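Report on the structure given below.
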Amino acid sequence: MDFDCKTARGDSSSVNRSCIVTEGTLVQAKPVAHNGKAKHWNSLSTLNNQKCSYGSISDPKKNVETSDGETASKCDSWCFTDLPAALVCEVLEHLDPKELGIVSCVSTLLHTLATDHQGWKKFYCERWGIPTPVTLNGPLVPGGTSDWKSWKTLFVEREFRSKSFMGRFSVDVLRDHSEDVRTVFLLASVNLIFTGGNDSVIRMWDMEEGLLIDKSRPLCCTIRAIAADTRLLVTAGTNAFIQCWRAVEGNSYPFQISGNGTDQSSEFRLWGHEGPVTCLALDSLRIFSGSWDMTVRVWDRSEMKCVQKFMHADWVWSVAPHGNTVASTAGRDAYVWDIRSGELENVISNAHFGNAYSLARTHLADVIFTGGEDGAIRLFNVSEVSDDEDIKPAATWVPHTGPVHSLAFEYPWLVSASSDGRVALIDLRKLLTPRKSSKQPFRVKNFDPSSIEPPQRMLHGFGCDLFSVAIGADRIVCGGEDGAVKVWNFSEALEIEKRAQALRSMRQENRMRRKKAQVEMNANGRRSDQCSIAMKRNQLKGDKSVTWHSKRAINDKVKS
């Protein structure tokens, strides 16, 4: 992109010329067409030390002596890529992913800058959080991503994979539980699925193979909650304690929940609740647990002891941390607590008609999703609310005819499981829009509540009750009252889409070739007779047809 000085032709006044170039700085430019390749850019020191050939502002006589033709030729030589790399990167900071991808196609230089730009890391972390430090493919490289992939590559792959949930899928059924499955958890970074239920046994499954890897001894209680990362696995149920397993190094899988390993210290329990534990969550520093004793407790992961307790007015059903806040639902209300101060930030009164059973949060904006006994799913924006203002739902969906027991979110999909035996998928791309501020990168778009789109897809489970759902890595996992764990596998949708794109590209290329050939023939004054050309190229096929007819005639004579 070149720049042309705003200088009037034939006007030799020093006022007009002084606005062209100051000492090493470009001022007042407008884009013009430029024929030719972009120049390699100069460093900032070279640009600052370069003297203007048109003269300085303090010397108007030299400005008058400069011809307009020379001024135009000098101005035409400046282009956007001549700016320092740091300044170009600052400009690229204000682009969204689509615009940054378009800029990378302009030139080789901009492609290098846009591909290696740290904005891709910001885009990725805003949507899906920081990648898990350990994967099956190996540890993280110094650049911060696994498999030596750039942040742009990771973002494009994850964004493309998010579209697979509208494609074809296969269904795997994991059967080993003897009673209802009350909770499922998908740890996609290590391809593991954890399940638990009324039979009081935790089971660990291989996500890719669908095979049972390990299972715990009976914990003598109904398992109602599971949470895990690559370092810690926690479960809880009706016995009021939290069962924990630390990751064990040197094994094929990070956890040995059967207790048969050599390191017995990797398994321990946390006591403190006075009632059944209904929900669990983890972040890098803390464990969060909610119970029917009407409390949410915060546990320090380094010391493994309770450091905070938030009191509620009813049974706690769900909990979801985000940054320095934690959200919870108790009864029909939802709460947002500040972890650092221990104070209550926001209360959403009467979020549902009946109990608010489920809760989910995002990395994008300070919003929460709730699912309730009334079968509704509601979106609440808690980022810009005053103390005296009642929080109203920004969006409401009613895709279910029964209570919504579980919610899960992975950008851009919100997934719900209900007692009506169905799973709903809601695409939130249109509701969450980018914001230029770095503190709140996304905001909830203003829209007419009556224009809310229904769920983009409905999946059917087994039985009449689904209690838990999880989403990640091209999979949706749910468990219900029939004791089976159902896994929807959308990984084939990516391959199908790639083949379809390759086929479309091939057809487009063939059309362009035919169009080019037609233009060349018209330019030579000839007209193409497609039928005659096809007959000339397929004479052998015509001979085969003649031979076939003759053989048929001989066979008819023999029969007669």
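Quickly run through segment 393-416 and pick out the residues that are closer than 27 Å to Glu157 by Cα and of a type outside the set (Val, Ile, Thr).
The initial filter retains those residues of segment 393-416 that are closer than 27 Å to Glu157 by Cα, namely 407-416.
Passing the criteria: Leu407, Ala408, Phe409, Glu410, Tyr411, Pro412, Trp413, Leu414, Ser416.
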Worksheet item: Condition test on Ser258, is it closer than 25 Å to Cys306 by Cα, in the same structural domain as Thr278 (by the TED database) and modelled with pLDDT under 90?
Response: no
Worksheet entry | Considering residues of segment 364-374 that are open to solvent by less than 60 Å² (accessible area, probe 1.4 Å) and in a loop (DSSP other than H, G, I, E, B) only, the residue modelled with the highest pLDDT | Asp374
Practice prompt. Check segment 194-211 and report whether any residue there is hydrophobic (A, V, I, L, M, F, W, C), open to solvent by 30 Å² or more (accessible area, probe 1.4 Å), at pLDDT below 95 and under 16 Å from the mean Cα position of the chain (by Cα).
Written response: no
Worksheet item: Where residues in segment 375-407 are assigned to a loop (DSSP other than H, G, I, E, B) and among the polar types (S, T, N, Q), which of them is modelled with the highest pLDDT?
Response: Thr401
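Take the residues of segment 487-534 that are over 30 Å from Ser164 (Cα atoms) and of a type in the set (Val, Ile, Thr): which is modelled with the highest pLDDT?
Filtering first and then ranking leaves Val519.
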Item to complete: Scan the strands (runs of 3 or more DSSP E) fully inside segment 285-354 and keep the ones with 3 or more residues being hydroxyl-bearing (Ser, Thr, Tyr) and assigned by the TED database to the domain that holds Ala225.
Response: 325-330
Discussion item. Condition first: open to solvent by 40 Å² or more (accessible area, probe 1.4 Å) and not in a loop (DSSP other than H, G, I, E, B). Can you find one or more residues in segment 240-247 that meet it?
Written reply: yes
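The values are calculated or read from the model by the stated rules, or taken from the named source; none is laboratory data. Please read all numbers here as calculations on a predicted model, not as lab measurements. Keep in mind that these areas ignore ligands, DNA and RNA; they rest on the heavy atoms of the full protein, side chains included. Shrake-Rupley method; radii C 1.70, N 1.55, O 1.52, S 1.80 Å.
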